[in-house]
Amino acid sequence: MSNEHVKLDRRLSTISAAMFGLSYMSPLVVIATFGAIAVRTGGAVATAYVVATLAMLATAASYGFMASRNPVAGSAYTYTSKVFGPLSGFVVGWVLLLDYFFIPMVICLLTATSLSTLAPEIPFPVWVAAVALLSTIINILGIKLTDRVNLVIMAIQLVMVAMLAYLCVAAIQHIPDGALFSAKPFTNDETNWSMIMAGAAIACYSFLGFDAISTLSEETVDPRRSIPRAIMIATLLGGGIFMIATYLMMVVHPSLTFDSIDTAAYEIVGQVGGETFKTVFTVVVAIAFFAAGLCAHASASRLLLVMGRDNVIPAMPFAYINPRFKTPVVNTALVGVVMLGAMKFDISTSTAFINFGAFTAFFAVNLCVIAFLMKRPDERKGRTALMAVAVIGALFCASLFMSLDRLAIELGLSWLALGIVYLLAKTRILTRPLPTMTSDV
């Protein structure tokens, strides 16, 4: 059975694609990491996010550049295959599957955990199954529906962020000697540069997802222009929200003493808004996690689609697009099944997989820009600046990769070894040619 004539539905605008990436990043994820970054940086949490934003903007620029030259849904896999060849592309694509498979599962776990705190009488596995099923159904029914649901949830998130900022500003006025403008969230006697860099490494996790915008290249109008713009918009908006929110929370609560580091931000939310606002805020966080999972679900299915279309993984069923819904329904259902792993996996193991895959892909895309520009001397416009930005992005991503813990390295290398075994079997120990990329979009 073949459906090569069926293509993905090109419906998304630049703003829709940007909101997809921002939703994937989830502005409210800052709530989950605030305490850890505040303690790690000695209170200079705003500076940590400034550094992380600048570093991620460098990598975002590299993604945007490569997306403008390769408007295909395969993200880092596509770019590496084009620049370095199918073998390198397979390695990056295989490792990237770690990121794209496990992020939906982790987000499903976070969503189900949030919902279970609101209704603890319902068994946790039921919440996991419900989240996975609803996400699968929405994604199967088409990118237009996914976009509409995402835009509504994103609007709710932004309203809650604005309300939190307003309440923090109002609370500052009632703090003795409180001042809206303070240097402490940026620098103070308790911190140093190494502490800030350690916090920036954690803060970078908040940006995971901006790269997923590139997987929408075949569903976005005028992708050569729209995708690069959407990537930069999402990264800038995300960084701005993270910096403002953490700055205000640190001014409201300058002490590093919390009941729990994991719930530090929730304590501040209750402090400035009371228990009712805290409850509403918690509900919105759960909804925001679901939106992020929805976007992650869509991205993973598109990566599988492109790898299947290139016959890197079996074309049937992975390259199949449903002619009615114009979505990769088999891949979408498969990712939904993987999300059920949230019943068994814990956060630390799942996150280890994600970090290995994400930072490998980020590093590879920066290298792609450097190699592409070196091979194409005719690319004169902004050549020097692009090269410098890509080098900075590559160096920062390499440092992030080196900061990975032992579990992440072991799990990542184990997955890579499994991929190499699969590749050797597929090519009969490299006696058959490697699959090559298709340019059909």
Nearest-ten-degree value, helix 75-84 long axis tilted from longest Cα axis of the chain: 50
Rounded FRET efficiency, nearest 0.05, which uses the C-beta distance separating PHE181 from ARG69 and R0 of 45 Å: 0.55
Nitroxide proxy distance, nm - points 7 Å out along Cα→Cβ at ARG432 and ILE15: 4.9
Fluctuation leader among ASP405, ASP189, ASP310 - the chain, Gaussian network, Cα springs under 10 angstrom: ASP189
Charge sum, other residues only, whose C-beta stays under 14 Å from ARG225's C-beta, Lys/Arg counted +1 and Asp/Glu -1: +3
Ordering of 271-282, 92-103, 296-307, 241-252 by burial proxy (mean other Cβ atoms within 10 Å per residue, highest first): 296-307, 92-103, 241-252, 271-282
Burial order of peptide ranges 150-156, 258-264 (average beta-carbon count within 10 Å, highest first): 150-156, 258-264
Calculated FRET value between ASP222 and LEU158, using beta carbons and R₀ = 35 Å, to 0.05: 0.85
Non-local Lys pairs in the chain, i.e. 8 or more apart or on different chains, that have alpha carbons under 22 Å apart: 7
Förster-model FRET efficiency, 35 Å R0, THR279 and SER414, C-beta, rounded to 0.05: 0.25
Separation of alpha-carbon centers, region 306-331 and region 103-127, rounded to whole Å: 30
Prolate/oblate/rounded label for region 236-387 (Cα gyration tensor, a/c 1.5): oblate
Per residue accessible area in Å² of the chain, where ligands, DNA and RNA are left out and the probe is 1.4 Å: 41
Packing-based ranking, highest mean first, of 326-333, 47-54 given that Cβ atoms within 10 Å are counted: 47-54, 326-333
The chain - percent of accessible surface contributed by carbon and sulfur, probe 1.4 Å: 68
Potential lengthening between MET387 and SER260 on full extension [0.36 nm per residue; Cα-Cα distance subtracted]: 41.4 nm
Cα centroid separation - region 230-300 against region 174-208, whole Å: 16
Computed lengthening from ALA398 to LEU54, 0.36 nm per intervening residue step minus Cα-Cα distance: 122.3 nm
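The values are calculated or read from the model by the stated rules, or taken from the named source; none is laboratory data. Since we're looking at a predicted model, the values are computed, not measured. All Cβ positions, glycine included, derive from the backbone under ideal geometry; neighbour counts span all protein chains shown. Areas reflect the complete protein model, heavy atoms only, side chains present, ligands, DNA and RNA absent. Shrake-Rupley method; radii C 1.70, N 1.55, O 1.52, S 1.80 Å.
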